[in-house]
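One structure is given below, encoded as structure tokens.
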Amino acid sequence: MADTDRYISPLSERYAGKEMQFIFSEDKKFSTWRRLWIALAETEKELGLDITDEQIAEMKAHVDDINYDVAREREREVRHDVMSHVYAYGKQCPKAAGIIHLGATSCYVGDNTDIIIMNEALSLVKKKLLNVIDKLSGFALKHKDRPTLGFTHFQPAQPTTVGKRASLWIQEFLMDLNDLEYVQGSLKLLGSKGTTGTQASFLELFEGDMEKVDRLDPMIAEKMGFDGCYPVSGQTYSRKVDARVLNVLAGIAASSHKMSNDIRLLQHLKEVEEPFEKSQIGSSAMAYKRNPMRSERIASLARYVMCDTMNAWITSSVQWFERTLDDSANKRLSVPEAFLAVDGILTLVMNVADGLVVYDKVIKKHLMSELPFMATENIMMDCVKKGGNRQELHERIRELSMEAGRHVKEEGRDNDLLELISSDETFGVTAEELKEGLDPSKYTGCAAHQTERFIKEAVEPVLKKYSGLLGEKGEVEL
């Protein structure tokens, strides 16, 4: 097999989808370089430099047929990737060779391309994030009335509903969507600022015409589909931009991790289970096992993304003055890999959300085993209405609750609190009367209403706005 004798990133081989991989591919990168060179040449021509339509047409004819062999051979000689591709492009465009990259520095193509690629990658992340929200919303509405045991500190607490719990996951993903839209909406191109950001080379090219220099960046931005460029810069755009983008990705990773942890714990309880294929193997040794592989993978990749964010912040903090190159190798790794990992995470989350299995009987069994403890306040109030003393009833319920707890924990018995209460003359109530009051839906408060209202008011407007991006499935191949 090809490529079995060298390391290949699992992000591309196992986790990230083809669409995200293409966004960070060499074809995408270097064809974008060439489109930027065309935009620069067109703008310079429109502003009066001696560049011909024939030269620009020649450049446009070779945007995608990149002569990698020439560029790589040249880079081995000159040790400079941008100048190697200027050279290779010039070989294909001999008439335009002299005006390719005119007045620009390497960051003109490198940094502008990075922004363009991150912008496209964020759009793909946004689409998958919306589909996650859509699938979870359907699940939440379907199970909004299903009572389930709530947990605080992973100890049994007041009941909630299965749908209400899912709404907590959705709310965090909505926060991530808001952050993504804000950061993506603030992205601008570097433009063509020159070696230290002063545009001195362009002031020279345009013979001191400051008005033409001022028009340069807006014209390039418009040609590349952006509404503007950062007004000031050194040679590069601020590396804080990368940190802000990776922060968004880390937020999505954290939300996904929290959801996956909940599902892993619920699967241990046998209440909710992620999809499990007919022929899937849970363990090489224990054939009966149904491990939550997808949720574990979500958590694993999410930790990687959250840790990766530090690369961008450290890189941002150590940029010296107008430019230093210790960002380059780090950016080549940290930014693409964060996007590839989040792409894989969201595919997994979509897959899990689309196939969650809810085991109603197990949920009810667990709930009913704890509900007597939670019903004690209602029981006490009912007995007070019949003439009982609130303080005496409270103390007696406390004592009986401790006794029932010992039966469960020390003797492995079922919760017999109701039997203990019904046999105690202090309360004057029968076992049948107590059981009639144990309707789980009476103890979930406003959970169902909150879920329905949340989906209607907070989620549905978002899904309606982006309805054209919905309908994607999370296919997990490995």
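Using a simple charge model, +1 on the beta-carbon of Lys and Arg, -1 on the beta-carbon of Asp and Glu, nothing else, what dipole does the stretch 62-143 show about its Cα centre, in debye to the nearest 20? Numbers along the way, then the final one.
On the way: 11 positive and 11 negative charges, 80 e Å.
The dipole of the stretch 62-143 has a size of about 380 debye.
Can I get the semi-axes of the stretch 1-48's equivalent ellipsoid? Compute them from the C-alpha gyration tensor as square roots of 5 times the eigenvalues, in angstrom, largest first. Before the final figure, lay out the partial values.
Values: eigenvalues 268, 26, 7 Å².
Largest first, the stretch 1-48 gives 37, 11, 6 Å.
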Check: If you stretched the chain out fully between residue 304 and residue 416, how much longer would it get, using 0.36 nm times the residue separation minus the C-alpha to C-alpha distance?
Finding: 35.6 nm
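Going by C-beta contacts inside 10 Å, put 40, 333, 149 in order with the fewest on the left. Could the numbers behind the result be given before it?
Numbers: 40 26, 333 12, 149 22.
The fewest-first ordering by Cβ neighbours comes to 333, 149, 40.
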Next item on the list: Mind jotting down the three principal axis lengths of the chain based on Cα atoms? Whole angstrom, largest first.
Entry: 104, 54, 40
Item checked: Estimated vicinal HN-Hα couplings, Hz - the stretch 299-308 in sequence order (Karplus 6.51, -1.76, 1.60; Gly, Pro = x) -> 4, 5, 5, 4, 4, 4, 5, 5, 5, 4
Checklist line | Cα extents of the stretch 87-242 along the three principal axes, largest first (Å) | finding: 75, 32, 24
Margin query: Can you tell me the length gained on complete extension of the stretch residue 64 to residue 50, counting 0.36 nm per residue apart and subtracting the Cα distance?
Written below: 2.5 nm
Check: At q = 0.26 Å⁻¹, what is the log10 ratio I(q)/I(0) for the stretch 188-250, with the Debye formula run over Cα points and no solvent?
Finding: -1.10
Checklist line | Residues listed by number, the stretch 160-193, amide nitrogen under 15 Å from residue 211 label point at 7 Å toward C-beta | finding: none
Item checked: Dipole magnitude of the stretch 153-244 about its Cα centre (Cβ charges: Lys, Arg +1; Asp, Glu -1), debye to nearest 20 -> 500 debye
Item checked: Rg and Dmax of the stretch 398-478, Cα atoms only, in Å -> 23.3, 65
Next item on the list: Could you go through the stretch 90-99 in sequence order and give the Karplus-derived ³J(HN,Hα) for each residue, using 6.51 cos²θ - 1.76 cosθ + 1.60 with θ = phi - 60°, rounded to whole Hz, and x for Gly and Pro?
Entry: x, 5, 7, 10, x, 6, 9, 3, x, 10
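Highest mean first, how do 185-193, 371-379, 151-159 rank when packing is the count of other Cβ atoms within 10 Å averaged over residues? Write out the running numbers ahead of the final one.
Numbers: 185-193: 21.1, 371-379: 18.7, 151-159: 12.2.
Taking the mean over residues of other Cβ atoms within 10 Å, the ranking is 185-193, 371-379, 151-159.
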Checklist line | Residue-averaged [θ]222 nm for the chain, counting only DSSP H segments that reach four residues, each worth -39500 (n - 2.57) | finding: -20500 deg cm²/dmol
Check: Rounded to the nearest 5, what is the percent of antiparallel bridges among the DSSP beta bridges in the chain?
Finding: 90 percent
Check: Between residue 314 and residue 472, how many nm apart are label points set 7 Å from Cα along the C-beta direction?
Finding: 3.1 nm
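Return the tail of the calculated pair distribution for the stretch 376-437, meaning the percent of Cα-Cα pairs more than 16 Å apart. List each step's numbers first, then the result.
Working: 786 of 1891 pairs.
Percentage above 16 Å: 42.
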Next item on the list: Give the Cα extents of the stretch 62-148 along the principal axes, in whole Å, largest first.
Entry: 72, 26, 23
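Return a whole-number percent for the relative contact order of the stretch 23-92, with Cα pairs under 8 Å and 6 or more residues apart as the contact set. Each step should come with its number before you reach the end.
Numbers: 42 pairs, mean separation 18.9, N = 70.
This gives 27 percent for the stretch 23-92.
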Next item on the list: Arrange the following residues from fewest to most other Cβ atoms within 10 Å of their Cβ: 139, 276.
Entry: 276, 139
Checklist line | Radius of gyration and maximum dimension Dmax of the stretch 23-92, Cα, Å | finding: 12.7, 36
Item checked: Label-point separation, residue 200 to residue 178 (7 Å along Cα→Cβ), nm -> 4.6 nm
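For each of 175, 118, count neighbouring Cβ atoms within 10 Å of the residue's Cβ, then give the residues from fewest to most.
Numbers: 175 13, 118 23.
Ranked by crowding around the Cβ, least crowded first: 175, 118.
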Margin query: Charges at C-beta only: +1 for Lys and Arg, -1 for Asp and Glu. How large is the resulting dipole of the chain about its Cα centre, in Debye rounded to 20?
Written below: 680 debye
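Throughout, read-outs are computed from the coordinates displayed, never taken from laboratory work. Please read these numbers as outputs of a predicted model, since none were measured by experiment. Note that we place each Cβ from the backbone using ideal geometry, even for glycine, and neighbour counts take in every protein chain shown.
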